[in-house]
Amino acid sequence: MAFQFRVAVWLASFVLAPFALAQTSGSSATESTAVKSQNISGVVETVAGNKVVLRQADGLHEYNVPDGFKFQLAGREAGVSEIKPGMTVDAVVTDRITTRQVTTTTIQSGTVAQVAPGGIVVKDQNNEFKSYNFKDAAGNDIYFIRDGKEVSLRNVKVGDRLSGTFVSTLPAQQVSQRTAVARATEPPPPAAPPVAMAAAEPPAKMPKTASPLPLIGLLALGCAGIALALRAVRSSR
């Protein structure tokens, strides 16, 4: 009865708690890095604190600028407080994601005391019970190496003698690092209003349309007529 109760306790811990490694004899890790860049370009609509709203080709987008971030503005560094509506912002955002995968190995010897739907309970040489899930925390099947061959824990039976190295892959760990380079450009100056055409000024003098010679001739002709008339009067007397 005490043995069955002890096994039940181990099964309960095996079901409720994640798989716990026994004595770890070694581990190995692999790392991979992925780099992704994104170009951002738009016109500043509003600036409120560290939030900048840009009008981009596909609409409005809001960005939270980290504390201390500097823009390149007119050949110098400028904080977000100097970014004004109407400015153009061009930025390149780069994300560097490093994934680290760790595989652990545990040397274990013992006899399978219980097989449950999700794992097994092993009684070691010290009469202590240890539980093992069929899958590790990353969802991978746990197996052990016996006589140079990989054997899945799903294939063992009660009473089987296990002696080998258990291999488990831990959940992948990811570390993300983001960098950004942004350039702000002042808006172009407003266009000057069109110059109105000046009204045409009237000429100072009327243009001359005829020569004075005909008028002088007419006056001379009149004077000659008067002289002839006076002569005729004198002659009649």
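The values are calculated or read from the model by the stated rules, or taken from the named source; none is laboratory data. This structure is a prediction, so every number in the text was calculated from the model and none was measured. Don't worry about glycine lacking a Cβ; one is built from the backbone with ideal geometry, like all the others, and counts go over all protein chains shown.
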In the stretch 1-78, which strands (runs of 3 or more DSSP E) lie fully inside it and hold 2 or more residues that are of a type in the set (D, E) and at pLDDT 50 or above?
24-48
Filter pass, A198 being modelled with pLDDT of 80 or more and either surrounded by 13 or more Cβ atoms within 10 Å (Cβ to Cβ) or more than 49 Å from the chain's Cα centre (by Cα) (or both):
no
So which residues in the stretch 33-62 are of a type outside the set (D, E, K, R) and under 24 Å from T98 (Cα atoms)?
T33, A34, V35, S37, Q38, N39, I40
Residue that is modelled with the highest pLDDT, among those in the stretch 81-122 that are assigned to a strand (DSSP E or B) and charged (D, E, K, R):
D90
What are the pairs, 6+ residues apart or on separate chains, where a residue within the stretch 61-82 that is free of Cβ contacts under 8 Å to residues at least 24 places away in the same chain and surrounded by 11 or more Cβ atoms within 10 Å (Cβ to Cβ) has its Cβ under 9 Å from a residue that is among the aromatic types (F, W, Y) and outside any strand (DSSP E or B)?
G79/F69
Scan the stretch 147-161 residue by residue and report those that are closer than 10 Å to V115 by Cα, charged (D, E, K, R) and over 52 Å from the mean Cα position of the chain (by Cα).
K157
Scanning the stretch 112-123 for residues that are surrounded by 15 or more Cβ atoms within 10 Å (Cβ to Cβ) and free of Cβ contacts under 8 Å to residues at least 40 places away in the same chain, the one nearest to L153 (Cα to Cα) turns out to be I120
